[in-house]
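Have a look at the structure below before the remarks.
The values are calculated or read from the model by the stated rules, or taken from the named source; none is laboratory data. The model shown is predicted, which means the values in this text are computed figures rather than measured ones. So basically every Cβ, Gly included, is an ideal-geometry build from the backbone, and we count neighbours across all protein chains shown. To get the accessible areas, we keep the full protein, side chains included, count just its heavy atoms, and leave off ligands, DNA and RNA. Shrake-Rupley method; radii C 1.70, N 1.55, O 1.52, S 1.80 Å.
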Amino acid sequence: MDNEIQKRNVRLVKVDRKNFDSLVDLTPDEAGRHYVADNIYSLAEAYANLADGNKVQPFGIYDGDTPVGFVMIGYDIIDENDDLDKQYFIKDCYLVWRFMIDEKYQHKGYGKEGLKLALDYIRTFPFGKAEYCWLSYEPENDRARKLYQSFGFVEEKEMPEGWDEIPAVLKL
Ligand SMILES: CC(C)(COP(=O)(O)OP(=O)(O)OC[C@H]1O[C@@H](n2cnc3c(N)ncnc32)[C@H](O)[C@@H]1OP(=O)(O)O)[C@@H](O)C(=O)NCCC(=O)NCCS
């Protein structure tokens, strides 16, 4: 298994006209599908945010030339209902907005490698300086929770009012 991983060339590729078509079809397994928006929706959301001047970067997660997953990074993505005093981790902070591995490639370590690359990218501070990176997940999404905790994300004690996902925060 370790040998297999060493032979890989896992990388993030920015979504563009050449590759978006191969990314919209990627889908997690039945158990995971419910936890993440379809990639086509995420790309539409990225477009809408860019049109409003927000900072967002969607990536394909590739092994060599094979697309295996999708991750979308945002910066300073504020919802009108956010309470920025309580949610100190939103303003001027990075967000791992969407993250998924296609069902054919799940449970092979691509999630771990993809998230590491996403955090490496965030730590280059492409959109500006930040103290925190955050993300959120549904309370019963144990796979995602375990993975995020292994990278140092710390769950907030309370789910903010009106949210149906738990935020977790990483100090950058
Ligand atoms: C969460 C997800 C991205 C993980 O991707 P993956 O490639 O399957 O994960 P990996 O093979 O890299 O495993 C990474 C870690 O995830 C956890 N994990 C993976 N599969 C697991 C399982 N079946 N049960 C429990 N934990 C699991 C483990 O901590 C594992 O680390 P370990 O192998 O050192 O124990 C993937 O399952 C997915 O796309 N899920 C659906 C979408 C989703 O939930 N996205 C996150 C929304 S917040």
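Pull out a ≥ b ≥ c, the square roots of the eigenvalues of the alpha-carbon gyration tensor of region 1-94, then state rounded if a/c is under 1.5, prolate if not and a/b is larger than b/c, and oblate in the remaining case. Numbers along the way, then the final one.
On the way: a/c = 1.96, a/b = 1.71, b/c = 1.14.
Here region 1-94 falls in the prolate category.
Can you report the principal axis dimensions of region 2-171 using only the alpha carbons, biggest first, rounded to whole angstrom?
46, 34, 30
When the accessible area of the chain is computed with all protein chains present and a 1.4 Å probe, what percentage of it is carbon and sulfur?
47 percent
Please compute the net charge surrounding Gln87, taking Lys and Arg as +1 and Asp and Glu as -1 over other residues with Cβ under 10 Å from its Cβ. Intermediate results must be reported in sequence, preceding the final value.
Values: positive: Lys86, Lys91; negative: Asp79, Asp82, Asp83, Asp85, Glu156.
So the surrounding residues net to -3.
Quick one: 3J(HN,Hα) in Hz for region 117-126, Karplus 6.51/-1.76/1.60 with θ = phi - 60°, rounded, Gly and Pro as x.
The phi angles translate into 5, 5, 6, 4, 4, 4, 6, 8, 6, x Hz.
Tell me, what is the percent relative contact order of the chain, built from C-alpha pairs under 8 Å that lie six or more residues apart?
Numbers: 258 pairs, mean separation 34.9, N = 172.
Relative contact order here is 20 percent.
Pick from Ile61, Ile101, Ile77: which is most flexible by mean-square fluctuation in a GNM of the chain where alpha carbon atoms under 10 Å apart are linked?
Ranking Ile61, Ile101, Ile77 by mean-square fluctuation puts Ile77 first.
Listed here are the pairs Lys91/Lys116; Lys104/Lys146; Lys112/Lys157; Lys18/Lys171; Lys18/Lys157; Lys55/Lys116; which of them are more than 32 Å apart at the Cα? Can you show the working numbers first?
Details: Lys91/Lys116 23 Å; Lys104/Lys146 20 Å; Lys112/Lys157 24 Å; Lys18/Lys171 35 Å; Lys18/Lys157 42 Å; Lys55/Lys116 20 Å.
Going by Cα-Cα distance, Lys18/Lys171; Lys18/Lys157 fall outside the 32 Å limit.
Taking H placed 1.01 Å from N in the peptide plane, check which residues at least 5 places from Glu156 or on another chain put their amide H under 5 Å from its amide H.
Amide H neighbours of Glu156: Ala168, Val169.
Just how large is the dipole of region 2-171 about the Cα centre, in debye to the nearest 20, putting +1 at every Lys and Arg Cβ and -1 at every Asp and Glu Cβ?
On the way: 22 positive and 33 negative charges, 197 e Å.
It comes to approximately 940 debye.
In a Gaussian network model over the chain where Cα atoms closer than 10 Å are linked, find which of Pro28, Pro67, Pro126 has the largest mean-square fluctuation.
Ranking Pro28, Pro67, Pro126 by mean-square fluctuation puts Pro126 first.
Mean-square fluctuation check for the chain, GNM, Cα pairs under 10 Å: which of Glu155, Glu103, Glu45 is largest?
Glu45
Please work out the C-alpha center-to-center distance from region 8-73 to region 122-149 and express it in whole Å.
16 Å
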